[in-house]
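The values are calculated or read from the model by the stated rules, or taken from the named source; none is laboratory data. What you are looking at is a predicted structure, and each value in this text was computed from that prediction instead of being measured. Heads up, the Cβs are rebuilt from the backbone with ideal geometry, glycines too, and the neighbour counts pull from every protein chain shown. The protein model used for the area step is the full one, side chains on, heavy atoms only, and it has no ligands, DNA or RNA in it. Shrake-Rupley method; radii C 1.70, N 1.55, O 1.52, S 1.80 Å.
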Amino acid sequence: MSADTLTKARLAERVHDSVGLSKKESAEIIDDVFDLMRGALLHDEKLKITGFGNWIVRDKAARRGRNPQTNDSIIIARRRVLSFKPSPVLRVALNAKE
Amino acid sequence: MTRAELVDELARRRAIHREVAESIVDELFRAMLETLQEGGRVEIRGFGSFKVREYGGYTGRNPKTGQEIAVAPKRLPVFKISRTLHEQLNQDI
């Protein structure tokens, strides 16, 4: 993992530094935040975070696909996928800085 | 679930003040945004990861008028769901 990857451990450090909670509590809270987000998505809810983006669970119907290596025709089963749409704030932030 | 609902549920679950929960949620998404802005990756085990993808500019066309327009290069965040969350999402189908 490279040094510029943000992980839960680093997020906990940021919460510890900025909010002033203990390191242990900060780590637990970060876990709780993502657990709540995961719970909402598993209950078929949209997750809408102002200033960051929206996640939505989509149902994909089964379809006939092809293994690109063997060229065999296969059935791709019905499945659920999670799509993320960045908010305008995030899009602008990524493109404003050079 | 909205950002405000996430704050409320976090405050309830941790038995902390709403203002504290709010500053935690703010700090978390600020850190994620800043990391992506600097071109870094975000990797949350059990949830998913984000990276930035660069798209080159191209000449597009207004489909109504046919007029040519230059589309500038851009950077977009890409989210990839974690394997465990994908499996949880699909376990009953």
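In region B:12-54, the residues whose accessible area drops by at least 50 square angstrom when the other protein chains are added to the isolated chain are B:ARG13, B:ARG14, B:ILE24, B:GLU27, B:LEU28, B:PHE29, B:LEU33, B:GLN37, B:GLU43, B:ILE44, B:PHE47; the probe is 1.4 Å and only protein heavy atoms count. Average accessible surface for chain B: 60 Å² per residue, computed with a 1.4 Å probe over protein heavy atoms with every protein chain in place.
Probe radius 1.4 Å, ligands and nucleic acids left out: can you give me the accessible area buried at the B-A interface, summed over both chains, in Å² to the nearest hundred? Provide the component values of the computation, followed by the final result.
Values: alone 7990 and 8490 Å², together 11700 Å².
Approximately 4800 Å², summed over both chains.
For a paramagnetic label modelled on B:ALA72 (point 7 Å from Cα along Cα→Cβ), amide N atoms under 20 Å away belong, within region B:41-60, to B:52-60.
Taking every C-alpha pair closer than 8 Å and separated by at least 6 residues, the mean separation divided by the residue count of chain B gives a relative contact order of 20 percent.
Taking the protein heavy atoms of chain B in the context of the full set of protein chains, the accessible area attributed to carbon and sulfur is 47 percent at 1.4 Å. Computed per residue of the protein assembly as shown from DSSP H runs no shorter than four, each worth -39500 (n - 2.57), the mean residue ellipticity at 222 nm is -13500 deg cm²/dmol.
Excluding ligands, DNA and RNA, what is the solvent-accessible area per residue of chain A at a probe of 1.4 Å, expressed in Å²?
Working: 6100 Å² over 98 residues.
For chain A, the solvent-accessible area averages 62 Å² per residue.
Springs between Cα atoms under 10 Å define the GNM used for chain A, and in it the highest mean-square fluctuation of A:GLY53, A:GLY65, A:GLY39 occurs at A:GLY65.
Percent of alpha carbon pairs in the protein assembly as shown separated by more than 25 Å?
Percentage above 25 Å: 46.
Using the structure shown, select from B:LYS51/B:LYS80; A:LYS23/B:LYS51; A:LYS46/B:LYS74 the pairs with a Cα to Cα distance greater than 19 angstrom. Over 19 Å Cα-Cα: A:LYS23/B:LYS51; A:LYS46/B:LYS74. Protection proxy ranking for B:55-61, A:16-22, using the average of other Cβ atoms within 10 Å per residue and placing the highest first: A:16-22, B:55-61. Quick one: Cα centre-to-centre distance for region B:2-33 and region A:7-34, in angstrom? So the two Cα centres are separated by 11 Å. Inter-chain Cβ neighbour count for A:15-24, averaged per residue, equals 3 (cutoff 10 Å, partner chain atoms only).
Whenever you get a sec, compute what percent of the accessible area on chain A sits on carbon and sulfur atoms (1.4 Å probe). So the carbon and sulfur contribution to the accessible surface is 49 percent. Among the residues of A:37-46, the average count of other protein chain beta-carbon atoms within 10 Å of the residue beta-carbon is 4. Relative protection proxy for B:42-49, B:1-8, A:68-75, from highest mean packing down: B:42-49, B:1-8, A:68-75 (other beta-carbon atoms within 10 angstrom). Counting Lys and Arg as +1 and Asp and Glu as -1 over every other residue whose Cβ lies under 12 Å from the Cβ of A:SER18, the net charge comes to -2.
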